[in-house]
Amino acid sequence: MPSASASPAPADSRSSARWKGAFVGVLVLVATLLCSAVLHFRAMAALKHEVQDKLLRTARTLAAEIDGDAHRAFTHRDQQSTAAYELALQPLRRALYWREEGREVRNDYRFIYTCVLVGDEVRFVLDPTPPDVRTAAGVSEKSYIMQPYPDASEMLLATLRTGRPHADSQPYTDQWGTFVSGYAPFFDSSGALVGALGVDWRAETYAARLAGIRNAWYLQ
């Protein structure tokens, strides 16, 4: 006697299977998104650490070349035309430019300068920026001896007050633009804190690198 054909699965069984499949799919999707998010934020943190480390290493290296005793002598803007001032600028200028086919070319750093604390006020001292260069808003890009710096980063203030290196974790804005920067102290021959050297990196470059990581995550 021929066997009877199998009866179709009940509708509620098929519906249950579909729901289970959808649930597993959602779990896989959520797990994938969570893993991607973790990798994204780790990559962002690694880039921020890399930038801070680069800025701090450069600031420390250049701060070690500053003659703290000679630096103390710069107290008036008129001294910017002296040979002593030009000599003091040389380590900063070498760090900002390299020679290519007989001409000077700027590197990734936007500004390198020194500052001192006069009372509670931050003031510039050394800045190798040419005096005839201006921003799009018409502001001279060069800072002058004892020029006040009211927009100084909190990390710059911390370096001037504590004598310890610091770096910005987030971009800050002043009248010359938006930057992330590293700062290192320098001292005189007696070991007394004289000031801080700052190295500015364009925030646009920093943001572009962060955007590259963010876009890769969005694409994923």
Discussion item. Could you sort the peptides 50-57, 127-134 by per-residue average Cβ neighbour count (10 Å cutoff), highest mean leading?
Written reply: 50-57, 127-134
Discussion item. Around residue 121, under 13 Å between beta carbons, what's the net of Lys plus Arg minus Asp minus Glu among the other residues?
Written reply: 0
Fill in: Listed peptides 153-164, 169-180 by packing density, highest first (mean Cβ within 10 Å)
153-164, 169-180
Practice prompt. Sort the following peptides by mean Cβ neighbour count (other Cβ atoms within 10 Å, averaged over residues), highest first: 137-149, 59-71.
Written response: 59-71, 137-149
Item to complete: Label segment 59-159 by shape, choosing from rounded, prolate and oblate, from the square roots a ≥ b ≥ c of the eigenvalues of the Cα gyration tensor; if a/c is under 1.5 it is rounded, and otherwise prolate applies when a/b is larger than b/c, oblate when it is not.
Response: rounded
Worksheet entry | Per-pair calculated FRET efficiency, R0 = 41 Å: residue 147 and residue 189 via Cβ, rounded to 0.05 | 0.95
Discussion item. Once you place label points 7 Å from the Cα toward the Cβ at residue 93 and residue 27, how far apart are they in nm?
Written reply: 6.9
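We did not get these values from a lab; they are worked out from the coordinates using the rules stated. Worth saying up front: this structure is predicted, and the values here are computed from it rather than measured. Note: ideal-geometry Cβ built from the backbone for every residue, glycine included; neighbour counts use all protein chains shown.
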